[in-house]
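The values are calculated or read from the model by the stated rules, or taken from the named source; none is laboratory data. A quick note: this is a predicted structure, and the numbers were derived from the prediction, not measured. Neighbour counts are summed over all protein chains in view; Cβ atoms, including those assigned to glycine, are modelled from backbone coordinates with ideal geometry.
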2 protein chains.
Amino acid sequence: MNDYAESPIIIDYQQRLEKLKARMRRQKIDAMLISRPENRRYLSGYKAPDHGINETSGLIFVSTRGKARLLTDFRYQLQGQQETSLDVVLYSRGIPALLNELISEHQVKRFSFESHYTLHSFSLKLTELAEKHKFQLVPLTDVVEKLRIIKSEPEIELMKRSTALNESVFQFIHERLTPEMSEIETASAIESRMRQVGADGPSFNSIVASGENGALPHAVPTDKVIGKNSAVTIDMGLVVNGYCSDMTRNIVVGEADKDYLRIHRIVRKAQLAGIAAVKPGVLMKDVDRAARTIIADSGNGKYFGHSLGHGVGLAVHEAPTVSFKSRQKLKPGMVITIEPGIYIPGWGGIRLENMVVVTDDGCEVLNSNTTFLDI
Amino acid sequence: MNDYAESPIIIDYQQRLEKLKARMRRQKIDAMLISRPENRRYLSGYKAPDHGINETSGLIFVSTRGKARLLTDFRYQLQGQQETSLDVVLYSRGIPALLNELISEHQVKRFSFESHYTLHSFSLKLTELAEKHKFQLVPLTDVVEKLRIIKSEPEIELMKRSTALNESVFQFIHERLTPEMSEIETASAIESRMRQVGADGPSFNSIVASGENGALPHAVPTDKVIGKNSAVTIDMGLVVNGYCSDMTRNIVVGEADKDYLRIHRIVRKAQLAGIAAVKPGVLMKDVDRAARTIIADSGNGKYFGHSLGHGVGLAVHEAPTVSFKSRQKLKPGMVITIEPGIYIPGWGGIRLENMVVVTDDGCEVLNSNTTFLDI
């Protein structure tokens, strides 16, 4: 079912680990605990998700003085051994007891953990260990995230595949959409089709918002029937080998009225202006402004309340944020969405979302079907 | 589609909040922040999930000196107002800034938060506030969880409905299962049907494990085709008005062989022994032992590696744990699973899981179709 099985993409996990270790050495960190699932996967290929933050499926112990280890429990032992080249160590007597041993063995003086993905209750256990072993505890944020922000060629290739597959699912559903279907049925059909064509799964809960519901940017599909000549916003994405796609399209089941076409053209114009502004060195806020100005000039400024876009990779929302406030600069290899929208309470909404990768002198749009031209 | 819409079940959120406040007063806590989604829902009816622990959809600020408030952002304002009777307050300038105001206003001297559902990074912000306002910060665990462990009549009724609907989905899929279907297709059909019949969704990712895969208690469905005369373990649950069901059945697509029937009978006998042991005052470990002894006596002790069961409610896994170690006592109103299994590497596995509610003098099985008798 999955065409992609034939051309495997090789990812160099060892290189990623070495980059992390180099960062750790600069901050004089001897060892670090990686808990966030996307970061574990990025560094090792370990695919297991967490079933909520209270049910970890493992932690990576990265030491500047030895080989990285995957700490997990018996349920994930085999998976860890199959998916990674790390040494897999079980915490059969609990995580603190195992860390106790590793910290002694590696003579850790400064130990770090992911403050943005560690529970307060677990941090208390780390504090106890620090007191016992007289090491310094250094909470850090966004260490692996900063590596993840620049995508390599294999990652960009995976996101192109993810996007192409996502577009094929959209096309399939679009051809079968009828006015009698409810939003929930449509969302459910989208997600079934994603699995059928070999995606790992949806990258987020698909949004299907018809008529007035389109005015909510994060609408949850309801049992509302779409109805004839009704507009529908579909925001959907899927996962291929861990990498996410994210795309929004607007369609009319029947005939679009003049207002709808007018608003659609404004949003598309804003999107094109945003895409045209993307190149290395440009500030995020200036990309946002390029698109926002078009919408403001059309008199719809107050109907575009969210940021223009966000990074995509192993997570469907990740750094950078393309917001009107951000002074962060675009760099080659960043993959971001450009998704302006106009949301009018009582009327509905239109959002157009494509993904682009920043190149050396501009950007490349990952979507092949860049808008949806039958309206 | 949902038969249950006709007989609404009234839940007294105010009473739950008062119980929490009584506990807070006993520990001299002036105010507390509730962050875990199930706990928010339990106390207020607020249904929004979190999209990961880094993307909260709100916090409940409970003060012994005033009305509880739902703190959230503009995306969830309407939902909060519709679903709860709390005052909805937006943190447009960030959560710490809003807490800053509330803590002054309520003259908080001792402030508590959920240590098991608060990120370390956020706890640092609370520590800053504590230093500024000179209040004491009291991390707590399992405060609302301890209220949730005893179910009220309306909650038990909802779980009966959830279980009945889950059984109807199982029946539907069972009638349509063919040897040509893959595990993933079957799981996908189960989850589509759940939505079709009006469930809020599955309560966890459905397990469909055929043949040897059945030897993994937490098997993830693969694209393996089930095949003729093959055994399949199906572990599935759904959500009705927030309340979860959880059930495991084993079927054979075709004809079961003698070994399979023999193992199935042992597991069923162990399950019945476990259920027979359930009554108020009995230790969890003694319930576990009642079932485990049957499996051990059959010579399969080493093939039953997990605990006998767990609590179910707004979360599919919650307190209590029915393990061989737990000295916790059963109390009327607890809802637990009884799910012994035998997992033989290279052969496969059988697990039988029903839910029971502890009554004044024993227990009531929530499942109507208590085993699956066609084999």
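Here are a few things to note about the model shown:
- Test: residue in the range A:32-46 that is free of Cβ contacts under 8 Å to residues at least 24 places away in the same chain and more than 17 Å from A:L99 (Cβ to Cβ): yes
- Residue check for A:V287: modelled with pLDDT of 95 or more and not assigned by TED's automatic domain parsing to the domain that holds A:A48: yes
- Test: residue in the range B:121-141 that is of a type in the set (S, T, Y), buried (at least 19 other Cβ atoms within 10 Å of the Cβ), closer than 23 Å to B:R69 by Cα and within 14 Å of another protein chain (Cβ to nearest Cβ): yes
- Failed item in (1) within 27 Å of B:P154 (Cβ to Cβ); (2) in contact with an Asp or Glu (Cβ under 9 Å, 6 or more places away or on another chain), with B:M334 passing the rest: (2)
- Filtering B:K269, B:K279 for residues that are closer than 20 Å to B:C363 by Cα, touching a residue at least 60 places away in the same chain (Cβ under 8 Å) and not in a strand (DSSP E or B) leaves a single hit, B:K279.
- Scanning the range B:10-24 for residues that are at pLDDT below 95 and either surrounded by 15 or more Cβ atoms within 10 Å (Cβ to Cβ) or not in a loop (DSSP other than H, G, I, E, B) (or both) turns up just one, B:I11.
- Among the residues of the range A:44-57, not a single one is out of contact with any Ser or Thr (no Cβ under 6 Å at 6 or more places or on another chain) and away from chain B (no Cβ under 14 Å).
- Residue match in the range B:238-247 (condition: away from chain A (no Cβ under 13 Å), within 17 Å of B:G348 (Cα to Cα) and among the charged types (D, E, K, R)): no
To keep it simple, each residue is scored yes or no on (1) under 22 Å from the mean Cα position of the chain (by Cα); (2) of a type in the set (G, A, S); (3) in a helix (DSSP H, G or I); (4) more than 14 Å from chain B (Cβ to nearest Cβ).
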residue	(1), (2), (3), (4)
A:A290	no, yes, yes, yes
A:I295	no, no, yes, yes
A:G299	no, yes, no, yes
A:H310	yes, no, no, no
A:T321	yes, no, no, no
A:P332	yes, no, no, yes
A:D361	no, no, no, yes
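- Of everything in the range A:167-213 that is touching a Gly at 6+ places or on another chain (Cβ under 7 Å) and within 15 Å of A:M247 (Cβ to Cβ), the residue that is surrounded by the most Cβ atoms within 10 Å (Cβ to Cβ) is A:M194.
- Of all positions in the range B:119-128, at least one carries a residue that is within 23 Å of the chain's Cα centre (by Cα), within 30 Å of A:P37 (Cα to Cα), modelled with pLDDT of 95 or more and in the same structural domain as B:D12 (by TED's automatic domain parsing).
- The condition of being assigned by TED's automatic domain parsing to the domain that holds A:E18, of a type in the set (D, E, K, R) and in contact with a Gly (Cβ under 9 Å, 6 or more places away or on another chain) holds for only one of A:R69, A:R41, that being A:R41.
- Within the range B:153-166, considering residues that are farther than 12 Å from B:S368 by Cβ and of a type outside the set (A, V, I, L, M), the one surrounded by the most Cβ atoms within 10 Å (Cβ to Cβ): B:S162
- Residue match in the range A:226-237 (condition: within 14 Å of another protein chain (Cβ to nearest Cβ) and either aromatic (F, W, Y) or over 24 Å from the mean Cα position of the chain (by Cα) (or both)): no
- Number of the condition not met by B:L70 [criteria: (1) within 14 Å of chain A (Cβ to nearest Cβ); (2) in contact with a helix residue (DSSP H, G or I) (Cβ under 8 Å, 6 or more places away or on another chain); (3) of a type in the set (A, V, I, L, M)]: (1)
- Among residues of the range A:77-120 being in contact (Cβ under 8 Å) with a residue 12 or more places away in the chain and of a type in the set (K, R), the one that is nearest to the other protein chains (Cβ to nearest Cβ) is A:R110.
- The combined condition, being touching a residue at least 60 places away in the same chain (Cβ under 8 Å) and within 11 Å of chain A (Cβ to nearest Cβ), is fulfilled by B:G198.
- Number of residues in the range B:84-124 that are over 21 Å from B:R41 (Cβ atoms) and among the hydroxyl-bearing types (S, T, Y): the value is 4.
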